[in-house]
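**Q** Below is a structure I'd like to ask you about.
The values are calculated or read from the model by the stated rules, or taken from the named source; none is laboratory data. Being a predicted model, the structure only gives us computed values, none of them experimental. Glycine also receives a Cβ, built like all others from the backbone with ideal geometry; neighbour counts cover every protein chain displayed. We work out accessible area using only protein heavy atoms, side chains counted, and drop any ligands, DNA or RNA first. Shrake-Rupley method; radii C 1.70, N 1.55, O 1.52, S 1.80 Å.
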Amino acid sequence: MKLKLTAITASLVLALSMPAFADQAQDIANLKEQIRELQKKVGGSNLKFSADYRVTMDSIDYEMADGSDRSNDSLLSNRLEIGIGYQPFDNLVFKGLLSYNKAFGETTTNPMNPGMGEFDWVINENLGDNGLNVKEAYILYLGDNFLGSELDWTASIGRRPSTGGFLANNRNGYDEAKSPLGHSIDVEFDGLSVVVKLDELTGISGMDAKLCTGRGLSADATPRFSSNGTDYVEYDDGLDNIDMVGLIVTPYNNGQYNIKSQYYYATNLIDMGYSATGMPTGFEQLGDLENLTISMQVNGVGEFINDFLDDTVLFVSGSASKTSPDGKMSSGGNYGMLGSDDDEKGYSYWLGATFPAFTEGDRFGIEFNHGSKYWRSFTYGEDTMIGSKIAARGDAYEAYYNLPIIGDSLYFQLRYTHIEYDYSGSNGFFGNSGAPMTIKQANAAGYGSMVVESAQDLRAMIRYNY
């Protein structure tokens, strides 16, 4: 096939150099069409692969509310992500991402007690086993003339990229931001989206709007080959679907100033239920959650002031959450959300900067975020061994250094994350496990050994990306 492609290309060059052809333009068009048809058959120009492999060593430490300390000085892990992309037509794309993430010499998934390690939102972020999981698999359609207008639009459906979103990508070196905004959502998700480009209509640079919907949990269903033949129907006492709908609007993006906003509403959120004797009874649904986030990134301070400011990135984000308990009492005698029967509002703000360091391409980064008593995010998949810093009800500090070693393919990172918790429940779910208690209250209630007061993670990473 390569010989055929070479021969066709040589014929094209020859045709351009010979005036004897009566209609060179038509000959060139015919030869280009032959090349396109041949490329479709061999798939060489359309089938794309990528490899992203990293090794990390984390030194983690937790100081509990009762003053005790728990740590792991050398947690070694490796993660592999294999990307697949295929574009058979100009307006149709398939993308996939296979992943495994595990500790050195260990399979941490215990089949007798899997806990949350196999929960679908974080299946590729938690340390597991050697098996490859599907992290992303979706179809992307690129369209124009949206609803009869001249607006460009895209639509996608499947297991879409929803970790490492806008702003959350900065700490990871040189990653492009994925969807949605990292301040409020950083979990794996299945769903669909439609994006409409609005810049030509409004005259506002980079303006667009994206409608996203997804399902975070399908209702419990009977297994295949049920005794009465009713495969996959819902249990009478099963859970309802967890569904989410959101709108992401980019009001302005000229390359230097990028502003994004996001609103979502999620239904039938869960937590573990317990019997009167304290035994777990499985997940129970407690109510709904909504969130509004506004984020801004500035790529370069001023205009051509000096090289350092030109290459400095600043970002700021604010986010607010609100719970809506359904008022139903659980089997354990509990109801409400985040330990409260009332609608509760929380907020979080996030500041950060990255800037040039010592040599060509290396960068420093610093970040700070704060969360209030009832702040609740969907950031369970955040790439932090000690739990999501964005979810913290308290203060989180982070500093990192990224150093390219060989081009864009190999780089080193050193990162330090420190979290000071004002309240418990930051990384809990949406019921009593997410109830906020101060450190003093936790000790008084006898939970001092079970509540983290502060946590820190020092990470060294080597990463190959092709």
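**Q** Could you tell me which residue of region 278-329 is farthest from PRO436 (Cα to Cα), considering only residues that are among the hydroxyl-bearing types (Ser, Thr, Tyr) and at pLDDT 95 or above?
**A** Here the answer is THR312.
**Q** Given the conditions (1) surrounded by fewer than 20 Cβ atoms within 10 Å (Cβ to Cβ); (2) under 20 Å from SER59 (Cα atoms), report the number of the one that SER409 does not fulfil.
**A** (2)
**Q** Starting from region 179-195, keep only residues that are β-branched (Val, Ile, Thr), then list their pairs with residues that are assigned to a loop (DSSP other than H, G, I, E, B) and open to solvent by 20 Å² or more (accessible area, probe 1.4 Å) whose Cβ atoms are within a distance under 7 Å, requiring at least 6 positions of separation or different chains.
**A** Taking only residues 6 or more apart or on different chains, the pairs are VAL187/TYR380.
**Q** Please tell me if PHE283 is over 24 Å from MET207 (Cβ atoms), aromatic (Phe, Trp, Tyr) and touching a strand residue (DSSP E or B) at 6+ places or on another chain (Cβ under 9 Å).
**A** Criteria met by PHE283.
**Q** Also: Restricted to region 40-65, and to residues that are of a type in the set (D, E, K, R) and at pLDDT below 95, which residue is least open to solvent (accessible area, probe 1.4 Å)?
**A** Looking at residues that are of a type in the set (D, E, K, R) and at pLDDT below 95, I get LYS40.
**Q** Restricting to region 162-181, name every residue that is within 16 Å of ARG415 (Cβ to Cβ), within 10 Å of the chain's Cα centre (by Cα) and either open to solvent by less than 10 Å² (accessible area, probe 1.4 Å) or of a type outside the set (S, T, N, Q) (or both).
**A** GLY164, ALA168
**Q** Has region 194-204 got at least one residue that is under 30 Å from ILE406 (Cα atoms), open to solvent by 30 Å² or more (accessible area, probe 1.4 Å) and not in a strand (DSSP E or B)?
**A** Looking for residues that are under 30 Å from ILE406 (Cα atoms), open to solvent by 30 Å² or more (accessible area, probe 1.4 Å) and not in a strand (DSSP E or B), one finds none in region 194-204, hence no.
**Q** Between a residue in region 230-257 that is touching a residue at least 24 places away in the same chain (Cβ under 8 Å) and within 20 Å of ARG215 (Cα to Cα) and any residue that is open to solvent by 50 Å² or more (accessible area, probe 1.4 Å) and among the basic types (Lys, Arg), which pairs come within a Cβ distance under 7 Å, given they are 6 or more apart or on different chains?
**A** Pairs that qualify, where the first residue is touching a residue at least 24 places away in the same chain (Cβ under 8 Å) and within 20 Å of ARG215 (Cα to Cα) and the partner is open to solvent by 50 Å² or more (accessible area, probe 1.4 Å) and among the basic types (Lys, Arg), are ASN241/ARG215; ILE242/ARG215; ASP243/ARG215.
**Q** Ok, one more. Filter region 210-251 down to residues that are at pLDDT below 85 and open to solvent by less than 70 Å² (accessible area, probe 1.4 Å) and give me whichever is farthest from the chain's Cα centre (by Cα).
**A** SER226
**Q** Suppose the filter is open to solvent by 70 Å² or more (accessible area, probe 1.4 Å), at pLDDT below 95 and assigned to a loop (DSSP other than H, G, I, E, B); does GLU33 pass it?
**A** No, not satisfied.
**Q** As an exercise: evaluate LEU247 against (1) within 27 Å of LEU198 (Cβ to Cβ); (2) in a strand (DSSP E or B); (3) out of contact with any Leu (no Cβ under 7 Å at 6 or more places or on another chain); (4) not aromatic (Phe, Trp, Tyr) and give the number of the one condition it does not meet.
**A** With respect to (1) within 27 Å of LEU198 (Cβ to Cβ); (2) in a strand (DSSP E or B); (3) out of contact with any Leu (no Cβ under 7 Å at 6 or more places or on another chain); (4) not aromatic (Phe, Trp, Tyr), LEU247 is out only on (3).
**Q** Considering each residue of region 259-292, count those that are touching a Gly at 6+ places or on another chain (Cβ under 7 Å), open to solvent by less than 40 Å² (accessible area, probe 1.4 Å) and polar (S, T, N, Q), and give that number.
**A** The qualifying residues number 2.
**Q** Still on this structure, I have one more. I'd like to check something: does region 360-375 contain any residue that is open to solvent by 10 Å² or more (accessible area, probe 1.4 Å) and modelled with pLDDT under 95?
**A** yes
**Q** Which residue out of ASP310, ASP326, ASP342 is open to solvent by 10 Å² or more (accessible area, probe 1.4 Å), farther than 30 Å from SER409 by Cα and either without any contact (Cβ under 8 Å) to a residue 24 or more places away in the chain or out of contact with any strand residue (DSSP E or B) (no Cβ under 8 Å at 6 or more places or on another chain) (or both)?
**A** Every option except ASP342 fails the conditions.
**Q** Cβ contacts < 9 Å: first residue more than 18 Å from VAL55 (Cα to Cα), restricted to region 80-106; second residue at pLDDT below 90 and surrounded by 16 or more Cβ atoms within 10 Å (Cβ to Cβ), any location; separation 6+ or different chain. Result?
**A** LEU97/ASN124
**Q** I want to confirm something. Restricting to region 413-466 and keeping residues that are assigned to a helix (DSSP H, G or I) and open to solvent by less than 50 Å² (accessible area, probe 1.4 Å), which single residue is farthest from ASP61 (Cα to Cα)?
**A** GLY434
**Q** Just for region 67-107: of the residues that are out of contact with any strand residue (DSSP E or B) (no Cβ under 7 Å at 6 or more places or on another chain) and not charged (D, E, K, R), which one is most open to solvent (accessible area, probe 1.4 Å)?
**A** Taking the candidates together, the pick is PHE89.
**Q** Taking only region 137-161 into account, find how many residues are open to solvent by less than 20 Å² (accessible area, probe 1.4 Å) and either closer than 22 Å to GLY365 by Cα or in contact (Cβ under 8 Å) with a residue 40 or more places away in the chain (or both).
**A** So the count comes out to 2.
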